[in-house]
1. Answer yes or no as to whether residue 210 is closer than 21 Å to residue 266 by Cα and modelled with pLDDT under 90.
2. Which one of 107, 59, 81, 53 is within 27 Å of residue 246 (Cβ to Cβ), surrounded by fewer than 18 Cβ atoms within 10 Å (Cβ to Cβ) and either out of contact with any helix residue (DSSP H, G or I) (no Cβ under 6 Å at 6 or more places or on another chain) or free of Cβ contacts under 8 Å to residues at least 24 places away in the same chain (or both)?
3. Cβ contacts < 8 Å: first residue closer than 22 Å to residue 243 by Cα, restricted to region 164-182; second residue assigned to a helix (DSSP H, G or I) and at pLDDT below 85, any location; separation 6+ or different chain. Result?
4. Just to be sure, is residue 189 at pLDDT 80 or above, surrounded by fewer than 20 Cβ atoms within 10 Å (Cβ to Cβ) and not in a strand (DSSP E or B)?
5. Filter region 7-50 down to the residues that are exposed (fewer than 15 other Cβ atoms within 10 Å of the Cβ) and touching a residue at least 60 places away in the same chain (Cβ under 8 Å) and list them by number.
6. Condition first: in contact with a helix residue (DSSP H, G or I) (Cβ under 7 Å, 6 or more places away or on another chain) and over 21 Å from residue 108 (Cβ atoms). Now tell me which residues in region 1-37 satisfy that.
């Protein structure tokens, strides 16, 4: 397996310290703190270790409380809130240096049939018709602190194909839109639990970034910082992250130095697999004045 992807799978393989306590290692991928997607993926992996094997996560709701230290392990405490006939509920708290840095509630369900409908996938070019490019323009990269620029240029275990703005479908609510394709760089095991944990990991990539799309003129030439505050995710249908899937993100609002974004995730054949929502800090960094 490709080394970067194999290393990510290793990051998601937590060490069990006690029946409901797990420990995970971190990786520095260029973000100013532990990447939020890593904590999401590890927390979901910890919760899964306490859930019966025929139930899969259908929703999670999380808060990022403090910056994570990439040089220290993270300990995850799982509270077995409820095991019902059809649903299982878990709460996960992440601890580092004796303080909570993150907590998450997640719900799991066994398979059931019922009503089916979905919003259609946006009409965008297929990944084969797009070049692999950065999802952030050079102008916007130059406005970021050096550490943040590393995050966007770090060699990742995933391929990204961004739909150019000139090829984006018009938004019915006139909000900024960002569409891009993702897939893992190598084949993964046939394990739906793993694919859902990896999708949680990936759900933090570039979601909040869509809240900056309407503010290019304001951000040009200025330094600004972003950080996730809270994150929600709903898993509707199965998806393989080693096959191309589309992330379609919009940002309905930004205010109070916070941006709000939501996204829809589709398989390449148009099946809606997941929905995401996130609010995060977007703050201008004032230059330091010389005495």
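1. So residue 210 passes the test.
2. The match here is 59.
3. 178/209; 178/210; 178/213
4. For residue 189, the condition - at pLDDT 80 or above, surrounded by fewer than 20 Cβ atoms within 10 Å (Cβ to Cβ) and not in a strand (DSSP E or B) - is met.
5. Of everything in region 7-50, just one residue is exposed (fewer than 15 other Cβ atoms within 10 Å of the Cβ) and touching a residue at least 60 places away in the same chain (Cβ under 8 Å), namely 7.
6. 11, 25, 26, 27, 29, 30, 31, 32
This table checks each residue for (1) part of a strand (DSSP E or B); (2) modelled with pLDDT of 95 or more; (3) more than 26 Å from residue 186 (Cβ to Cβ).
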site	(1), (2), (3)
241	no, yes, no
253	yes, no, yes
270	no, yes, no
277	yes, yes, yes
280	yes, no, yes
290	no, no, yes
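Residue by residue, here is whether (1) in a strand (DSSP E or B); (2) at pLDDT 80 or above holds:
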| site | (1), (2) |
| --- | --- |
| 152 | no, no |
| 175 | no, no |
| 180 | yes, yes |
| 183 | yes, yes |
| 194 | no, yes |
| 198 | no, yes |
| 221 | no, no |
| 232 | yes, yes |
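The values are calculated or read from the model by the stated rules, or taken from the named source; none is laboratory data. Bear in mind the structure is a predicted one, so any value in this text is a computation, not a measurement. For neighbour counting, all protein chains shown are included, and Cβ atoms are generated from backbone atoms with ideal geometry for every residue, glycine included.
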